[in-house]
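Accompanying notes for the structure given below.
The values are calculated or read from the model by the stated rules, or taken from the named source; none is laboratory data. Bear in mind that the values here come from a model prediction, so they are computed numbers and not experimental data. Glycine also receives a Cβ, built like all others from the backbone with ideal geometry; neighbour counts cover every protein chain displayed. With ligands, DNA and RNA removed, areas are computed over all heavy atoms of the protein, side chains included. Shrake-Rupley method; radii C 1.70, N 1.55, O 1.52, S 1.80 Å.
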Amino acid sequence: PPFIGTPPPADLPPDPVAAKFFGVGIRPSDDPKVIVGHAASPGSATGIARVVRALDEAGRLRPGDVLVCRMTMPAWTPLFAQVSAVVADSGGALSHCAIVAREYGLPCVAGTVVGTTMIPDGARIHVDGTMGVVRILD
């Protein structure tokens, strides 16, 4: 599930701190070639998107690919050694993918919500981890 526990009431005013840390509150882009999320690890990279929905699909990753996933967990950490950037559907600045991406010096955009559904596997994409923006180039 995207969240654990009781969801907050719908009429609760937005909390920018919660949004940054926990990965909620991003308004989707109107452009289908632009995916927005949280700026989770600074830097930018361009590469081939590999949509990996489960760890047993990770064998498709090649050096320099961009890992596009729902979320990462500790068992996914070795994958960061071969990718050029990470895009995750869930998470914020304190998520596993954000922390590990910073440790590896990789750009990361987290909390996109739609990354794995909007980014085609094999597409060339540009990840701007400083601004929290992913652009589908072709």
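Does T130 count as of a type outside the set (A, V, I, L, M, F, W, C) and closer than 15 Å to G43 by Cβ? So T130 fits the description; yes. Taking strands (runs of 3 or more DSSP E) as the structural unit, those lying wholly within segment 64-133 and holding at least 2 residues that are open to solvent by 20 Å² or more (accessible area, probe 1.4 Å) correspond to 124-128.
Conditions tested, residue by residue: (1) charged (D, E, K, R); (2) closer than 19 Å to R53 by Cβ; (3) touching a Gly at 6+ places or on another chain (Cβ under 6 Å).
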| residue | (1), (2), (3) |
| --- | --- |
| A81 | no, no, no |
| A93 | no, no, no |
| H96 | no, yes, no |
| V100 | no, yes, no |
| G105 | no, no, no |
| G111 | no, yes, yes |
| T117 | no, yes, no |
| A123 | no, yes, no |
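Close Cβ contacts (under 8 Å, 6 or more residues apart or on different chains) running from residues in segment 121-133 that are closer than 24 Å to R62 by Cβ and touching a residue at least 40 places away in the same chain (Cβ under 8 Å) to residues that are outside any strand (DSSP E or B) and of a type in the set (A, V, I, L, M) comprise A123/L137; R124/L137; I125/I119; I125/L137; H126/L137; G129/A101; G129/L106.
What residue, of G122, G111, is on the phi > 0 side of the Ramachandran plot and modelled with pLDDT of 95 or more?
Details: G111 fails: modelled with pLDDT of 95 or more.
Exactly one residue qualifies, and that residue is G122.
Taking the criterion of being open to solvent by 70 Å² or more (accessible area, probe 1.4 Å) and not hydrophobic (A, V, I, L, M, F, W, C), the residues of segment 47-63 that qualify are R53, D56, R60, R62, P63.
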